[in-house]
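Peer 1: So that we are looking at the same thing, I have put the structure below in structure tokens.
The values are calculated or read from the model by the stated rules, or taken from the named source; none is laboratory data. Here the structure is a predicted model, which is why all the values come from computation and not from measurement. Cβ placement follows ideal geometry from the backbone for every residue including glycine, while neighbour counts extend to all protein chains displayed. Accessible surface is based on the protein model in full, side chains and every heavy atom, while ligands, DNA and RNA are left aside. Shrake-Rupley method; radii C 1.70, N 1.55, O 1.52, S 1.80 Å.
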Amino acid sequence: MEMTQSALRAICVEHKLYRTPELNDSLYCNHKGFVKLANLEPYRILKALYLEGNVLRSLDGLPPLADLKCL
């Protein structure tokens, strides 16, 4: 599965998060089958990014997230 803006928006809806990416401080992308990180730039205040259960080969595509505490 590709990590698109619409896929990330659907995750936000599923977990009752804000639809505006800039307002979310957590993002639950676990067990979605993502193979590559992409389109995370708008989520710049993330403190927690949950990625377990995916098939990521690297963290390339992870933007600099100064507030990130949990990956």
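Peer 1: Anything in region 1-32 that is within 14 Å of Leu68 (Cβ to Cβ), in contact with a helix residue (DSSP H, G or I) (Cβ under 9 Å, 6 or more places away or on another chain) and in contact (Cβ under 8 Å) with a residue 24 or more places away in the chain? List them, or say none.
Peer 2: Cys29, the sole residue that qualifies.
Peer 1: For region 25-34, which positions are assigned to a loop (DSSP other than H, G, I, E, B) and either out of contact with any Gly (no Cβ under 7 Å at 6 or more places or on another chain) or open to solvent by less than 50 Å² (accessible area, probe 1.4 Å) (or both)?
Peer 2: Asp25, Cys29, Asn30, Lys32, Gly33, Phe34
Peer 1: Quick check on this structure: which one of Leu37, Leu8, Leu68, Leu49 is among the aliphatic types (A, V, I, L, M) and either at pLDDT below 95 or assigned to a helix (DSSP H, G or I) (or both)?
Peer 2: Leu8
Peer 1: Also, I was wondering about something else. Can you list residue pairs whose Cβ atoms sit under 7 Å apart, with the first residue in region 33-50 being farther than 15 Å from Glu22 by Cα and in contact (Cβ under 8 Å) with a residue 24 or more places away in the chain and the second being among the β-branched types (Val, Ile, Thr) and in a loop (DSSP other than H, G, I, E, B)? Count only pairs 6 or more apart in sequence or on different chains.
Peer 2: That search, which allows pairs on different chains as well, returns Gly33/Val55; Val35/Val55.
One line per residue, one yes/no per condition, for (1) open to solvent by 60 Å² or more (accessible area, probe 1.4 Å); (2) within 12 Å of the chain's Cα centre (by Cα):
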position	(1), (2)
Thr4	no, yes
Ile11	no, yes
Tyr18	yes, no
Leu37	no, yes
Glu41	yes, yes
Arg44	yes, yes
Asp60	yes, no
Leu71	yes, yes
